[in-house]
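J.: Shown below is the structure under consideration.
The values are calculated or read from the model by the stated rules, or taken from the named source; none is laboratory data. Computed from a prediction, not measured in an experiment: that's the story for all the values here. Neighbour counts run over all protein chains shown; Cβ positions are idealised from the backbone, glycine included. What goes into the accessible areas is simple: the full protein's heavy atoms, side chains included, and nothing from ligands, DNA or RNA. Shrake-Rupley method; radii C 1.70, N 1.55, O 1.52, S 1.80 Å.
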Amino acid sequence: MNNETVSYKQETVAPANTFVNRDASQTRLIAGVSVPDGPLITAVIEHAQQLSEPYLFNHAMRSWLFAEAVGRIKGIDYDREVVAIGTILHDIGLTASVSGPNRFEVNGADAALSFIKGKGLSDRRAQLIWDLIALNSTPSLALHKEPEVAVGTMGIGLDYGGFGIQALPTADVERILSAFPRLMMKQRFAETCCRLVTAKPETSYDNFLRDFGERFVPGYKTVSTVDLLMNAPFDE
């Protein structure tokens, strides 16, 4: 993720001056952060916890809390339930229970839609959840999408690489980290990515898994987009 891009979009995505609690009639405090509450969000949290290793579940929860904190500070108007669902489920494509032929973000987005199907969400809100999950690891796109996609991506990026952390009070960050410890996330996340690169290298060529493959997986070789162009079956 590009720090400059993330920081820039955090300043430009928030046209509103007042934080709006859209679709959040029920709320509760988690690690000092006011978040939307309700049966669907509870089910989503339980689903993510069942699928994920503890470090990955904690990452998802921290990402959600950071997204809420950033959204409030920046005064962004967004659908809080959509951000909750999309952010909590954003990495289920990295879990052993979710598979498919596509890059892990797309597999995860598809699995999330299957989970929330029939639970009362409109097609538009479901599409925003899909977009948030599928695009969060590509902030150069996600941060230019709808506020729900952008805010969720900000929270995820903050927890992944510290992008935009200067916007939050240190005490707020420490409370979130205390409630959901990182559990050696750097090492374990890298190991998870390397396992996926080794098992399904064809899904790693156009996303950040490529970086893990090139750094850590012996013999890993990517498909060059230059070669695809030069070897296209057309006469010039």
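J.: Can you pull the percent of segment 91-159's accessible area that's carbon plus sulfur, 1.4 Å probe, other chains left in place? Could the numbers behind the result be given before it?
T.: Details: 1350 of 2580 Å².
Its accessible area is 52 percent carbon and sulfur atoms.
J.: If you stretched the chain out fully between Phe216 and Ala179, how much longer would it get, using 0.36 nm times the residue separation minus the C-alpha to C-alpha distance?
T.: Working: separation 37, 0.36 × 37 = 13.32 nm, distance 3.09 nm.
Full extension of this stretch gives 10.2 nm more.
J.: A further question on this structure: Order these peptides, 48-55, 176-183, by their mean beta-carbon neighbour count within 10 angstrom, highest first. Each step should come with its number before you reach the end.
T.: On the way: 48-55: 17.6, 176-183: 16.1.
Ranked by mean Cβ neighbours within 10 Å, highest first: 48-55, 176-183.
J.: Oh, and also: Against the 2.2 N^0.38 Å scaling, with N counting residues, where does segment 77-134 land? I'd like the Cα-based Rg ratio to two decimal places. Let's see the in-between values first.
T.: On the way: Rg = 10.8 Å, N = 58, 2.2 N^0.38 = 10.3 Å.
Here the Cα radius of gyration is 1.05 times the empirical estimate.
J.: Indicate the gyration tensor shape class of segment 121-169 (rounded, prolate or oblate), computed on the Cα atoms with a ≥ b ≥ c the square roots of the eigenvalues: a/c under 1.5 is rounded; otherwise a/b larger than b/c is prolate and the rest oblate. If you can, show how the numbers build up before the last one.
T.: Details: a/c = 2.59, a/b = 2.03, b/c = 1.28.
Prolate shape, in that a/c is at least 1.5 and a/b is the bigger ratio.
J.: Determine the gain in length on full extension of the stretch Lys119-Asp77; use 0.36 nm per residue of separation and subtract their C-alpha separation, reporting nm with one decimal. Kindly include the intermediate steps, with their values, before the conclusion.
T.: Values: separation 42, 0.36 × 42 = 15.12 nm, distance 2.34 nm.
The Lys119-Asp77 span can extend by a further 12.8 nm.
J.: Using label points projected 7 Å from each Cα along Cα→Cβ, tell me how many nm separate Arg188 and Phe234, to one decimal.
T.: Modelled inter-label distance: 4.8 nm.
J.: Further question: Once the Cα atoms of helix 104-116 and of the chain are each reduced to a long axis, what angle between those two axes, in degrees from 0 to 90 to the nearest 10, is obtained?
T.: Helix 104-116 sits at roughly 40 degrees to that axis.
J.: Ignoring everything except DSSP H segments at least 4 long, calculate the 222 nm mean residue ellipticity for the chain; use -39,500 (n - 2.57) per segment, divide by total residues, nearest 500. Kindly include the intermediate steps, with their values, before the conclusion.
T.: Working: 12 runs with 137 residues, N = 236.
The helix contribution divided over the chain gives -18000 deg cm²/dmol.
J.: Could you state the number of Å between the C-alpha centres of segment 124-141 and segment 185-236?
T.: 22
J.: Right, another one. Please provide three numbers in whole Å: the alpha-carbon extents of segment 95-200 along the principal axes, with the largest listed first.
T.: Result for segment 95-200: principal-axis Cα extents of 39, 35, 27 Å.
J.: Another question, if that's okay. Over the residues of segment 49-94, compute the C-alpha Rg and express it relative to 2.2 N^0.38 Å. Display every interim value, and only then the final one.
T.: Values: Rg = 11.2 Å, N = 46, 2.2 N^0.38 = 9.4 Å.
Expressed relative to 2.2 N^0.38 Å, the Cα Rg reads 1.19.
J.: Can you give the relative contact order of segment 102-191 as a percent, counting alpha carbon pairs under 8 Å and 6+ residues apart?
T.: Values: 53 pairs, mean separation 16.2, N = 90.
Contact order relative to length: 18 percent.
J.: How large are Rg and Dmax for the chain when only the alpha carbon atoms are used, in Å?
T.: Just the Cα atoms of the chain yield Rg and Dmax of 18.0, 63 Å.
J.: Then there is this: Using DSSP to call loops (not H, G, I, E or B), can you name the trypsin sites (Lys or Arg not before Pro) in segment 63-137 whose Cβ has at most 16 other Cβ atoms within 10 angstrom?
T.: Passing sites in segment 63-137 are Lys117, Lys119.
J.: Where only protein heavy atoms count, and the probe is 1.4 Å, what is the accessible area per residue for the chain in Å²? Each step should come with its number before you reach the end.
T.: On the way: 11510 Å² over 236 residues.
Using a 1.4 Å probe on heavy atoms only, each residue of the chain averages 49 Å².
J.: Hey, another quick one. What FRET efficiency, computed as 1/(1 + (r/R0)^6) with R0 = 45 Å and r the Cβ-Cβ distance, is obtained for Ala199 and Ser25, rounded to the nearest 0.05? Numbers along the way, then the final one.
T.: Values: r = 43 Å, r/R0 = 0.96.
So, using R0 = 45 Å, E works out to roughly 0.55.
J.: Report, by chain and number, residues whose modeled amide H sits under 5 Å from the one on Thr27, excluding near sequence neighbours (fewer than 5 apart, same chain).
T.: Hits under the 5 Å cutoff: Asp37.
J.: Taking amide H positions as placed in the peptide plane 1.01 Å from N, state which residues far from Asp77 in sequence (5 or more) or on other chains have amide H under 5 Å from it.
T.: Long-range HN contacts for Asp77: Ala16.
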